[in-house]
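Working notes, beginning with the structure itself.
The values are calculated or read from the model by the stated rules, or taken from the named source; none is laboratory data. Being a predicted model, the structure only gives us computed values, none of them experimental. All Cβ positions, even for glycine, are placed from backbone atoms using ideal geometry, and neighbour counts span all protein chains on display.
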Amino acid sequence: MAIERAAANGVTGPIAARASAAPLASLVPADWRKALAAELKAPSFQELSTFIDQESQRANVYPPRAQIFAALKRTSMKNVKVVIVGQDPYHTAGLANGLSFSVRKGQKLPSSLKNIFAGLNADTGLPASTNGDLGKWAGNGVLLLNTVLTVSEGKPNSHHNKGWEPFTEAVLKKVNEQSGPVVFLCFGGQATKMVKKLIDPSKHTQLDVIHPSGLNGTKFVEEVRRERIFTHANQILTAGGRPAVNWALP
């Protein structure tokens, strides 16, 4: 019962860790696991797996273990049209669900997500949603990928340089292999730098804006309004013969 309560609250710490002994690599969905086979065998990923297992014994790690690769589960390799690159998951209990910037249904919207919705409204006129679960976008071909896929409670960026970056770079390289077009929406400097060195601009497009944190709210919205990144992304897709993304959320 304690394990069930922990999982329901999005906890993968000392209690919940004992409930899930599945190797980290086995949680990657089959299509991505096949494509990333070499990376999953790399020393950096093995070290990462050990770190996550050890950290989960002494701290709460988010998102829940079963949702660490939710971005890859919800958006298959062949369906990727847009990549929204974030930094690391929310470090507060109950928020992170494995999709960048997304929160579990029913949770209060973090400031960064409020700003994204405000920017979307400024660009497209779509009403700002009160539903922070971006699963609909993921199902529509938007890969919601953080550069780091886990975090310890209350410690933002605590899993930076623990082995996630080589893995997420490998994911982006696989997306880059598509004939295209794929649009990469990079929110913040960390995402911008990672993507710029990995994608082929002759096939794909990178659109950069500042991070939508609470401190950047007004600037982010104005930048999205000016650049119209969501509209621009759809224009690029349709010009390349791919369906546009339906950005509307329930």
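Within segment 154-173, work out how many residues are out of contact with any helix residue (DSSP H, G or I) (no Cβ under 8 Å at 6 or more places or on another chain) and buried (at least 17 other Cβ atoms within 10 Å of the Cβ). Summing the residues that are out of contact with any helix residue (DSSP H, G or I) (no Cβ under 8 Å at 6 or more places or on another chain) and buried (at least 17 other Cβ atoms within 10 Å of the Cβ) in segment 154-173 gives 1.
Of the helices (runs of 4 or more DSSP H) lying entirely inside segment 13-103, the ones with 3 or more residues being closer than 21 Å to M194 by Cα are found at 37-40, 43-58, 70-74. Is it the case, given these coordinates, that L237 is over 29 Å from P156 (Cα atoms), part of a helix (DSSP H, G or I) and of a type in the set (A, V, I, L, M, F, W, C)? Judged against the criteria, L237 is a match. Within segment 98-112, the set of residues being free of Cβ contacts under 8 Å to residues at least 40 places away in the same chain and either closer than 17 Å to G217 by Cβ or of a type outside the set (G, A, S) (or both) comprises V103, K105, Q107, K108, L109, P110.
For every residue, the table says whether it meets (1) free of Cβ contacts under 8 Å to residues at least 24 places away in the same chain; (2) touching a strand residue (DSSP E or B) at 6+ places or on another chain (Cβ under 7 Å); (3) not in a strand (DSSP E or B).
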{"position": "N121", "(1), (2), (3)": "yes, no, yes"}
{"position": "P127", "(1), (2), (3)": "yes, no, yes"}
{"position": "T130", "(1), (2), (3)": "yes, no, yes"}
{"position": "D133", "(1), (2), (3)": "no, yes, yes"}
{"position": "A138", "(1), (2), (3)": "no, yes, yes"}
{"position": "L143", "(1), (2), (3)": "no, yes, no"}
{"position": "V148", "(1), (2), (3)": "no, no, yes"}
{"position": "N157", "(1), (2), (3)": "no, no, yes"}
{"position": "H160", "(1), (2), (3)": "no, no, yes"}
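When you scan segment 200-212, do you find a residue that is assigned to a strand (DSSP E or B) and in contact with a Ser or Thr (Cβ under 6 Å, 6 or more places away or on another chain), even just one? Yes: one or more hits.
Let's see how each residue does on (1) at pLDDT 95 or above; (2) more than 14 Å from the chain's Cα centre (by Cα); (3) over 14 Å from V151 (Cβ atoms):
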site	(1), (2), (3)
V61	yes, yes, no
R65	yes, yes, no
V80	yes, no, yes
G94	no, yes, no
G98	yes, no, no
F101	yes, no, no
K114	yes, yes, yes
A128	no, yes, yes
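Checking each residue in segment 84-128 for being in contact with a helix residue (DSSP H, G or I) (Cβ under 6 Å, 6 or more places away or on another chain) and under 23 Å from G163 (Cα atoms) picks out V85, Q87, N97, G98, L99, F101.
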